[in-house]
1. Test ALA180 against the stated conditions and say whether it is within 18 Å of the chain's Cα centre (by Cα), buried (at least 16 other Cβ atoms within 10 Å of the Cβ) and either modelled with pLDDT of 95 or more or under 17 Å from ARG235 (Cβ atoms) (or both).
2. Looking at this structure, is ASP31 farther than 29 Å from ASP202 by Cα, free of Cβ contacts under 8 Å to residues at least 12 places away in the same chain, surrounded by fewer than 21 Cβ atoms within 10 Å (Cβ to Cβ) and in the same structural domain as ALA140 (by TED's automatic domain parsing)?
3. Condition first: part of a strand (DSSP E or B), surrounded by 12 or more Cβ atoms within 10 Å (Cβ to Cβ) and at pLDDT 95 or above. Can you find one or more residues in the range 104-124 that meet it?
4. Tell me, which residue of the range 213-231 that is touching a Gly at 6+ places or on another chain (Cβ under 9 Å) and free of Cβ contacts under 8 Å to residues at least 60 places away in the same chain is nearest to GLY200 (Cα to Cα)?
5. Within the range 230-241, is even one residue modelled with pLDDT of 95 or more and assigned to a loop (DSSP other than H, G, I, E, B)?
6. Within the range 133-154, which residues are surrounded by 14 or more Cβ atoms within 10 Å (Cβ to Cβ) and either modelled with pLDDT of 95 or more or not in a loop (DSSP other than H, G, I, E, B) (or both)?
7. Picking from ASP48, ASP36, ASP20, ASP31, which residue would you name as being touching a Ser or Thr at 6+ places or on another chain (Cβ under 8 Å) and among the charged types (D, E, K, R)?
Amino acid sequence: MTAPELSPGQSARRLLRAADRGYLATRRRKDAEAPDWPYAALVLVAADHDASPLLLISGLAEHTKDIAADDRVALLVDGTAGLDEPLTGARASLLGRLKRTGEPRHRARFLARHPGAAMYADFKDFGFYRLAVERAHLVAGFGRIHWMGADALLDGGDHSALAAVESEIVAHMNQDHAQALALYATKLLGLVPGAWSMTGIDAEGLDLRLGGRTARLDFARRIATADGARAELVRLAKQARAA
């Protein structure tokens, strides 16, 4: 059976959920070097349950100083790595306002995605931020170009039940089902063998990590509860073993 074609919003959301880094563009503040010019910086990215981007940035950084004066930003996520012709690959520019967040879940999801960031996350000059997306521009290859609103990009479902048990599911899979995670990576995603670990799970898929490498495994169906997650993880394990 052929999988249904993804909408532009779903395609952009998959790209965003898979990203572990992006390019953040700000407008230079009035008292900065080169005021009013655009300024771009490389940042680490994680995704909230609805796919809203999460960042950890230093107050000493030029882009953070810019945001204090004007919180309107653009964030480019790039899915073209490894392609012989990069311009045939997907990339998305997200426009919105970058706001400081004290939500514990945002901190937990970011540090699970980027465990190395834990060594500086508690420094006084660092803070977690969530991008309140307003518009997005997807380029999914030649001629496949779409503007969309936040309602099309983000997953607007109820994430509360799954978010409440995410840490338990991740810990259980890493402690008791490491072999299944390795099979997901090697048999379903075609990645190198190794001690892959799960760093997150949401309604549309799960996130894996091996050293400095990250990977995304999308689900065949949307889940919303612990029972739904269990059923999908078992199905994927059976599929991987059969492969």
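The values are calculated or read from the model by the stated rules, or taken from the named source; none is laboratory data. What you see is a predicted model; the values in this text were computed from it and never measured. Note that we place each Cβ from the backbone using ideal geometry, even for glycine, and neighbour counts take in every protein chain shown.
1. no
2. Working: farther than 29 Å from ASP202 by Cα: yes; free of Cβ contacts under 8 Å to residues at least 12 places away in the same chain: yes; surrounded by fewer than 21 Cβ atoms within 10 Å (Cβ to Cβ): yes; in the same structural domain as ALA140 (by TED's automatic domain parsing): yes.
The answer is yes for ASP31.
3. No: zero hits.
4. So the residue we want is LEU217.
5. Looking through the range 230-241, none of the residues is modelled with pLDDT of 95 or more and assigned to a loop (DSSP other than H, G, I, E, B).
6. The answer is VAL133, ARG135, ALA136, HIS137, LEU138, VAL139, HIS146, MET148, ALA150, ALA152, LEU153, LEU154.
7. ASP20
Yes/no matrix, rows are residues, columns are (1) part of a loop (DSSP other than H, G, I, E, B); (2) surrounded by fewer than 23 Cβ atoms within 10 Å (Cβ to Cβ); (3) assigned by TED's automatic domain parsing to the domain that holds ALA108:
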position: ALA12; (1), (2), (3): no, no, yes
position: LEU16; (1), (2), (3): no, no, yes
position: ALA25; (1), (2), (3): no, yes, yes
position: PRO35; (1), (2), (3): yes, yes, yes
position: TYR39; (1), (2), (3): no, yes, yes
position: LEU42; (1), (2), (3): no, yes, yes
position: ILE57; (1), (2), (3): no, yes, yes
position: LEU60; (1), (2), (3): yes, yes, yes
position: THR64; (1), (2), (3): no, yes, yes
